[in-house]
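Report on the following structure.
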Amino acid sequence: MKKVQTRGKPGTRHTSSPKGRTSGTAPGEYIRVVPLHYPSPAIPRADLARLAAAAEREFFEGRPVPAPAQARLTYRGGPLLQNAEVFTIFWGRTWGTTQSSTALMNKLNGFFADILVSPLIDQLAEYNVPGQVIGHGSFIGTHVIGAAAPQGSVTDSMLQTQLRKWLKARLVPKQTKNTLYFVYLEPGIASIMGGGRSCQNYCGYHSNVGRAYYAVMPYPACDGCLGGLPAFDALTGTSSHELCEAITDPIPGLGWYDDVNGEIGDICGWTFKQVAGYTVQLEWSNLEDRCL
């Protein structure tokens, strides 16, 4: 997930805007969105970086080609989700009205129930800090909300407003220090955040309203957000991206972050493995200096 946000004090509202792979971010902006998928070049990216660095000298002079710079997440002092409690919200008028939409909701809920107690979470233990230990989480429920469903598109500020209303009306559980709301948009609804648009600039993101943490997952209806995968696999891949980032950096930029490369999932975007029978994204490991 990659996304950008204006930094404030922990617990304050943050205004977010997406960005893609660039040489860095402006001061106070943080990457936290799932970037679009682009087909891999014929030559591996790491090789392209080394070739570019060596472009102005003789290749066969016997000296090693420079290695690409390594990513490094550093802890910024903010909260972590120690035992993530995921609640899914399917927002829209068509969720649950067809056999296929009901099946997809059930499969996504099953994904969270399984993945929150899987080795994917275990590998995040290297990001424990004094007083905050990352462990297994739980899937705590789901709700279909058709009221005030967006038409055409929905902005992040609109979604934050709705989340506050849902919390006040007790349509969703009261937030705790570990609650993470995953909001799934129905097909045909675009997410707009910080001047970017889903399927044009990103595929999903996470953010916070005070201490209420949430992720937004538009339905993947474009090549850039499918990446050659079936829709369910694309959703579990991007959802795992946001899940691991929300656990290690729930207030973007105030948890574990790399000023050049972004969050734990951004560094490894669109590289996958199978865990508990699901397609999940690889995540960056400081200890191993690679995506795991």
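Numbers for the structure displayed
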{"item": "Subset of the stretch 279-292 [of a type outside the set (Val, Ile, Thr), surrounded by 23 or more Cβ atoms within 10 Å (Cβ to Cβ) and outside any loop (DSSP other than H, G, I, E, B)]", "result": "GLN281, TRP284"}
{"item": "Evaluation of ILE267 against (1) out of contact with any helix residue (DSSP H, G or I) (no Cβ under 7 Å at 6 or more places or on another chain); (2) surrounded by 20 or more Cβ atoms within 10 Å (Cβ to Cβ); (3) part of a loop (DSSP other than H, G, I, E, B); (4) hydrophobic (A, V, I, L, M, F, W, C) (one fails), failing number", "result": "(3)"}
{"item": "Subset of the stretch 126-156 [part of a helix (DSSP H, G or I) and surrounded by 18 or more Cβ atoms within 10 Å (Cβ to Cβ)]", "result": "TYR127, ASP156"}
{"item": "Yes/no for GLN70 being farther than 16 Å from VAL144 by Cβ, of a type outside the set (Gly, Ala, Ser) and open to solvent by 70 Å² or more (accessible area, probe 1.4 Å)", "result": "yes"}
{"item": "Filter result for the condition that a residue is in contact with a His (Cβ under 9 Å, 6 or more places away or on another chain) and of a type in the set (Gly, Ala, Ser), over SER101, SER118, SER191", "result": "SER118"}
{"item": "ALA215, sole failed condition from (1) of a type in the set (Gly, Ala, Ser); (2) assigned to a helix (DSSP H, G or I); (3) touching a helix residue (DSSP H, G or I) at 6+ places or on another chain (Cβ under 8 Å)", "result": "(2)"}
{"item": "Qualifying positions in the stretch 210-225 - open to solvent by 20 Å² or more (accessible area, probe 1.4 Å) and either more than 15 Å from the chain's Cα centre (by Cα) or on the phi > 0 side of the Ramachandran plot (or both)", "result": "ARG211, ALA221, CYS222, ASP223"}
{"item": "Given (1) in a loop (DSSP other than H, G, I, E, B); (2) open to solvent by 40 Å² or more (accessible area, probe 1.4 Å), number of the condition GLN123 does not satisfy", "result": "(1)"}
{"item": "Count of the stretch 110-120 residues which are open to solvent by 20 Å² or more (accessible area, probe 1.4 Å) and either of a type in the set (S, T, N, Q) or assigned to a helix (DSSP H, G or I) (or both)", "result": "4"}
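The values are calculated or read from the model by the stated rules, or taken from the named source; none is laboratory data. Everything quoted here is computed from the prediction, not taken from an experiment. Glycine also receives a Cβ, built like all others from the backbone with ideal geometry; neighbour counts cover every protein chain displayed. Heads up: the accessible areas ignore ligands, DNA and RNA and are worked out on the full protein's heavy atoms, side chains in. Shrake-Rupley method; radii C 1.70, N 1.55, O 1.52, S 1.80 Å.
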